[in-house]
Amino acid sequence: MNQERFLHPPREFRARGLAVERGVRLLFSALDLTLNPGQLLQVAGPNGSGKTTLLRMLAGLSRPLEGTIFWDGQPLERLEEGPGTCLAYLGHQNALKDDLTTLENLTYAGRLDGSAGSPDQALVMLDRLGLGGYEEVPARYLSQGQKRRVALARLLLQKRPLWILDEPYAALDVHVIEVLRTTFQDHIDRGGMLIITTHQIVDIDGDCQTLELAPSQRSA
Amino acid sequence: MTASLFALLQRDLVLTLRRPQDALTVAGFFVVVVALFPLGIGPDPEVLRTVAAGVLWVAALLAVMLSLERLFADDYRDGSLEQLLLVPLPLALLVLTRTFGHWLVAGLPLVLLSPLLGLQLGLEAREIGVLMLALLLGTPILSLIGAVGAALTLGVRGGGVLIALLILPLYVPPLILGSGAVDAVMHGSSAQAHLSLLGALLIFALVTTPWATAAAVRIMLD
């Protein structure tokens, strides 16, 4: 397995006093969390409890109503090159270009975010996720599950210390879920960090925490 | 850094080549609109010559606007825009690169087509030269301003019409200066003043609009 070290070393990831409102509903307030290198955080909660909103916020894509998120003691928005240096994010959408082939999707993304390895690395990763032989196929001809795998391959190639994954297992079959589980285990063992939402059991040995979001209440 | 920006530009251009109809519609629209004018106002060469600069410029504005909706909308829909926000580079630079790609595909073909259409409307060689120069300076301004509008209407239903309402008023200065430049040489004076102002406007747009576009993208994704 071609696993190099991270582009940037893992550091403490911390959020203090987060509060979020969506429309008239207060999703959560005064939420604190700390994640150290080698730790995993599973965000759980019923539909509509704000899991996706929280993850987007932790990835620096949206701003909290109150509170601050820190990487290595620095507020996320003050990081010199933005939150993308320390974290990789995969949301509900796979962010693939239908008109590009599987391999092109990976190589352009790698060159764009500065983690570009050789095309061989991308091919090895595709092979691991069961997409060997699909590298020249335009993404539009892939199934939902295959697209998800390409998106995950892109994330795994980014070599960021913190992964923020929103329902990564969606549309995946048992075999790929098992491959991912070992990849996550590997990531945690090497001191990486992982924030994940899933309705499945995250079966990983190590320092795992769970954050249970309460069903949302109406704000006063 | 330049490697990242080049990768973005290259990806955008490859995507355009794989779907050439988008770029061809813009150029086709430009040609058709200009070709319709002689049919509408009659074949009198003197009249056509007088309105030529204005017609070409207005057609260029509308053609560029036609292409703006897609500038960020596809990336917004498939989630690529979120990933772009996480690229460890200033978003304004990424947006500027994307806008440059848009100009190469939508603006530059109009500049290259304009001599042919100018000839059709009876412009003389000197006037056509100035027209091309004015469009060369002016169409990047259209793309830059348009990018702000495209970003502000992300995810809004009927965004295309909204873009038009938002940015057409902002297209007035390049329109006046651009067609004014051709009018000036037509009446025997120099187009230098118009072209200089157009150049100044381009520099101003280059420096300011990417930041506005980046801010708008952030807000719309929040």
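The values are calculated or read from the model by the stated rules, or taken from the named source; none is laboratory data. Keep in mind that this is a model prediction, so the values were computed, not measured. Every residue, glycine among them, receives a Cβ derived from its backbone with ideal geometry; neighbour counts consider all protein chains shown. For accessibility, only protein heavy atoms count, side chains too; no ligands or nucleic acids. Shrake-Rupley method; radii C 1.70, N 1.55, O 1.52, S 1.80 Å.
Ignoring ligands, DNA and RNA and using a 1.4 Å probe, state the total buried accessible area between B and A in Å², rounded to the nearest 100.
2500 Å²
Using R₀ = 30 Å, calculate the FRET efficiency as 1/(1 + (r/R₀)^6) where r is the Cβ-Cβ separation of B:Leu168 and A:Arg140; round to 0.05.
0.30
Which whole number gives the average count of other chain Cβ atoms within 10 Å of the Cβ atoms across peptide B:100-107?
Taking all residues of B:100-107 together, the mean is 0.
Determine the order of A:Tyr141, A:Tyr134, B:Tyr171 by accessible area, beginning with the largest, at a probe radius of 1.4 Å. Don't jump to the answer; show the numbers that get you there.
On the way: A:Tyr141 160, A:Tyr134 80, B:Tyr171 0 Å².
These residues rank, largest area first, as A:Tyr141, A:Tyr134, B:Tyr171.
Highest GNM mean-square fluctuation, chain B, Cα pairs closer than 10 Å: which of B:Ala150, B:Ala164, B:Ala60?
Top of the fluctuation ranking is B:Ala164.
Can you give me the distance in nm between label points at B:Asp44 and B:Thr208, each placed 7 Å from the Cα along the Cα-to-Cβ direction?
4.1 nm
Grab the DSSP H runs of chain A that are 4 residues or longer, score each as -39,500 (n - 2.57), total them, divide by all residues and round the 222 nm result to the nearest 500 deg cm²/dmol. Show your work: numbers first, answer last.
Details: 5 runs with 59 residues, N = 220.
Calculated mean residue ellipticity at 222 nm is -8500 deg cm²/dmol.
May I ask for the angle, rounded to the nearest 10°, between helix A:102-112 and the longest principal axis of chain A, with both axes built from Cα atoms and the value confined to 0 to 90°?
The helix A:102-112 is inclined about 60 degrees to chain A.
In debye to the nearest 20, how big a dipole does the protein assembly as shown give about its Cα centre with +1 on each Lys and Arg Cβ and -1 on each Asp and Glu Cβ?
Numbers: 33 positive and 40 negative charges, 89 e Å.
Charge dipole of the protein assembly as shown: 420 debye, to the nearest 20.
With a point put 7 Å past each Cα toward its Cβ, work out how far B:Val161 is from B:Gln120 in nm, to one decimal.
It is 2.9 nm.
Rank these residues by their accessible area, most exposed first, probe 1.4 Å: A:Lys147, A:Lys97.
Descending accessible area places them as A:Lys147, A:Lys97.
Could you work out what % of the accessible surface of segment A:58-173 is carbon and sulfur, using a 1.4 angstrom probe and leaving DNA, RNA and ligands out of the count?
Carbon and sulfur: 45 percent of the exposed surface of segment A:58-173.
About the Cα centre of chain A, what is the dipole size in debye to 20, counting +1 per Lys and Arg Cβ and -1 per Asp and Glu Cβ, all else neutral?
Once rounded to the nearest 20, the dipole reads 560 debye.
Pairing the Cα long axis of helix A:174-189 with the longest principal axis of chain A, what angle in degrees results, from 0 to 90 and rounded to the nearest 10?
Taking Cα atoms only, the helix is inclined about 70 degrees.
Pop out the carbon and sulfur fraction of the accessible area of chain B as a percent, whole number, probe 1.4 Å.
Whole-percent figure for carbon plus sulfur exposure: 74.
Over what distance in Å are the Cα centres of segment B:167-222 and segment A:1-42 separated?
Their Cα centres are 44 Å away from one another.
Which of the DSSP-defined H helices in chain B satisfy a minimum axial length of 20 Å, computed from C-alpha atoms, and a minimum mean Kyte-Doolittle hydropathy of 1.0?
Membrane-span-like by this rule: B:21-41, B:45-68, B:125-152, B:172-186, B:192-221.
Would you mind checking the tilt of helix A:119-128 against the longest principal axis of the Cα atoms of chain A, expressed as 0 to 90 degrees and rounded to 10?
80 degrees
How large is the charge dipole for segment B:2-221, taken about the Cα centre, if only the Cβ atoms of Lys, Arg (+1) and Asp, Glu (-1) carry charge, to the nearest 20 debye?
In debye, rounded to 20, segment B:2-221 gives about 400.
What figure, in Å² to the nearest 10, do you get for the accessible area of B:Val161 with a 1.4 Å probe and non-protein molecules left out?
Rounded to the nearest 10, the figure is 100 Å².
If contacts are Cα pairs under 8 angstrom and at least 6 residues apart, what is the relative contact order of chain B in percent?
26 percent
Give me a single rounded figure for A:57-68: the average over its residues of other chain Cβ atoms within 10 Å of their Cβ.
Going residue by residue through A:57-68 and averaging, the value is 2.
Give me the inter-chain shielding for B:82-95: mean count of other chain Cβ atoms within 10 Å, whole number please.
Mean number of neighbouring Cβ atoms from other chains: 6.
With unit charges on the beta carbon (Lys/Arg positive, Asp/Glu negative), name the residue among A:Leu157, A:Thr102, A:Gly130 whose Cα is farthest towards the positive pole of the charge dipole of segment A:66-181.
Positive-end residue among those listed: A:Gly130.
Which of these, A:Ala44, A:Ala30, A:Ala170, has the largest mean-square fluctuation under a Gaussian network model of chain A (Cα springs below 10 Å)?
The residue with the greatest mean-square fluctuation here is A:Ala30.
Between the alpha-carbon centers of segment B:114-156 and segment A:57-106, tell me the distance in whole angstrom.
Centre-to-centre distance over Cα atoms comes out at 36 Å.
Ignoring everything except DSSP H segments at least 4 long, calculate the 222 nm mean residue ellipticity for chain B; use -39,500 (n - 2.57) per segment, divide by total residues, nearest 500.
About -27500 deg cm²/dmol.
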